[in-house]
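Student: A single structure is presented below for examination.
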Amino acid sequence: MTTALTTATEALTVAAWRDYDPDACALPGMCLGEVELTGPMGEESDRLWELGARRVRLPEPVDLNDPRTADRAVRALSLVRDLTARAVLVEWKLRLDPTAADGTWRILSHLQPPQRLAGPADAAGDLRRWRDGHYLCKCLWRQGPGFVQIRDRRWGDLRRFTADEPEYQQVIETLAYGAPTTSVPPAVLADFVEERLVLEVGELAWWLPYRVNRWIQEAMAI
């Protein structure tokens, strides 16, 4: 039993379509309308996929500045992450802290780029760099027999981490959809934060890499 945020504190409503292309989405039967997501976000991501959603729009910006809405921001980020892993087109907006260090956006650069980025002084340039450098499988993890491996290319080179200690695997499970920072061992959390594999939003910590669902090339090449 983990302390992860497996239940919603409020609904997240998205618009969804059955195709990536706007012209195709305009055809009869292609619009799924508004879908209210009230359950655990992992299950809701699966439900969208099973409904046939291949283009999903989040109507509200994901705001990482307000600790009072950390719950909602983490749920939205989880949706973007899980849909990115399935190569679903996600239309979303992101607000970062305007006082954050240059390049803060890179910690999220494995996610599908937002349509709009606000906060940084050079937000337009950051968004352009994000779009130009994005590709599937940029930061992922996989479960092996008795170990977890993370492969991270967000910083330009391949950084590979392998964890076979049970407590590290438990923390990944706990933080997969967000949990209070106090709910996991501080030393393990500090290791993941140092490697920029966990994002802290308010009092929550959230696991950044995704488990890829659609490979763009042979798995051995990733």
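Student: Can you tell me how many residues in the stretch 92-118 are open to solvent by 30 Å² or more (accessible area, probe 1.4 Å) and of a type outside the set (Ser, Thr, Tyr)?
Tutor: 12
Student: Restricting attention to the stretch 1-23, report how many residues are among the β-branched types (Val, Ile, Thr) and modelled with pLDDT of 90 or more.
Tutor: Residues in the stretch 1-23 being among the β-branched types (Val, Ile, Thr) and modelled with pLDDT of 90 or more: 2 in total.
Student: Follow-up question, since we're still on this one. So which pairs qualify, if the first residue must be in the stretch 191-206 and closer than 11 Å to Ile107 by Cα and part of a strand (DSSP E or B), the second must be open to solvent by less than 50 Å² (accessible area, probe 1.4 Å) and small (Gly, Ala, Ser), the Cβ gap must be under 9 Å, and the two must be at least 6 apart or on different chains?
Tutor: Val198/Ala205; Leu199/Ala205
Student: Answer with yes or no whether Gln149 is in a strand (DSSP E or B), open to solvent by less than 60 Å² (accessible area, probe 1.4 Å) and modelled with pLDDT under 95.
Tutor: yes
Student: A follow-up question, please. Can you name the residue in the stretch 64-91 that is acidic (Asp, Glu) and out of contact with any helix residue (DSSP H, G or I) (no Cβ under 6 Å at 6 or more places or on another chain) and is also surrounded by the most Cβ atoms within 10 Å (Cβ to Cβ) among such residues?
Tutor: Only one residue fits best here, namely Asp71.
Student: Just to be sure I understand, how many residues within the stretch 163-192 are within 15 Å of Tyr210 (Cα to Cα) and among the hydroxyl-bearing types (Ser, Thr, Tyr)?
Tutor: Residues in the stretch 163-192 being within 15 Å of Tyr210 (Cα to Cα) and among the hydroxyl-bearing types (Ser, Thr, Tyr): 2 in total.
Student: Which residue pairs have Cβ atoms under 6 Å apart, sit 6 or more places apart or on different chains, and have a first residue in the stretch 144-170 that is within 20 Å of Leu189 (Cβ to Cβ) and a second that is part of a helix (DSSP H, G or I) and open to solvent by 80 Å² or more (accessible area, probe 1.4 Å)?
Tutor: Once the first residue is within 20 Å of Leu189 (Cβ to Cβ) and sits in the stretch 144-170, its partners that are part of a helix (DSSP H, G or I) and open to solvent by 80 Å² or more (accessible area, probe 1.4 Å) give Arg154/Arg106.
Student: When the residues of the stretch 150-177 are narrowed to those that are within 19 Å of the chain's Cα centre (by Cα) and of a type in the set (Ser, Thr, Tyr), which ends up nearest to Val80 (Cα to Cα)?
Tutor: Tyr177
Student: Can you spot a residue in the stretch 178-189 that is within 14 Å of the chain's Cα centre (by Cα) and touching a residue at least 24 places away in the same chain (Cβ under 8 Å)?
Tutor: Checked against the condition, which is being within 14 Å of the chain's Cα centre (by Cα) and touching a residue at least 24 places away in the same chain (Cβ under 8 Å), the stretch 178-189 yields at least one hit.
Student: Output the qualifying pairs, or none if there are none: Cβ atoms under 8 angstrom, residues six or more apart or on different chains, first residue in the stretch 78-102 and free of Cβ contacts under 8 Å to residues at least 40 places away in the same chain, second residue outside any strand (DSSP E or B) and β-branched (Val, Ile, Thr).
Tutor: Val90/Val80; Val90/Thr84; Trp92/Val80; Leu96/Thr104; Asp97/Thr104
Student: A further question follows. For the stretch 26-53, give me each residue that is small (Gly, Ala, Ser) and part of a helix (DSSP H, G or I).
Tutor: Gly42, Ser45
Student: Within the stretch 56-67, identify whether any single residue is of a type in the set (Lys, Arg), touching a strand residue (DSSP E or B) at 6+ places or on another chain (Cβ under 8 Å), modelled with pLDDT of 95 or more and within 17 Å of Val201 (Cα to Cα), and answer yes or no. So that I can check it myself, show each step before the final result.
Tutor: Let us first name the residues in the stretch 56-67 that are of a type in the set (Lys, Arg), namely 57.
Imposing the further condition that a residue be touching a strand residue (DSSP E or B) at 6+ places or on another chain (Cβ under 8 Å) reduces the set to 57.
Then keep just the ones that are modelled with pLDDT of 95 or more; that gives 57.
Those still in the list that are within 17 Å of Val201 (Cα to Cα) too: none.
No, there is no match, as no residue in the stretch 56-67 is of a type in the set (Lys, Arg), touching a strand residue (DSSP E or B) at 6+ places or on another chain (Cβ under 8 Å), modelled with pLDDT of 95 or more and within 17 Å of Val201 (Cα to Cα).
Student: Condition first: on the phi < 0 side of the Ramachandran plot, surrounded by fewer than 16 Cβ atoms within 10 Å (Cβ to Cβ) and of a type in the set (A, V, I, L, M, F, W, C). Can you find one or more residues in the stretch 171-183 that meet it?
Tutor: Looking through the stretch 171-183, none of the residues is on the phi < 0 side of the Ramachandran plot, surrounded by fewer than 16 Cβ atoms within 10 Å (Cβ to Cβ) and of a type in the set (A, V, I, L, M, F, W, C).
The values are calculated or read from the model by the stated rules, or taken from the named source; none is laboratory data. Given the structure is predicted, the values throughout are model-derived calculations rather than measurements. Positions of Cβ are generated from backbone atoms using ideal geometry, with glycine treated the same way; all protein chains shown enter the neighbour counts. Protein only, heavy atoms only, side chains kept; ligands, DNA and RNA dropped before computing areas. Shrake-Rupley method; radii C 1.70, N 1.55, O 1.52, S 1.80 Å.
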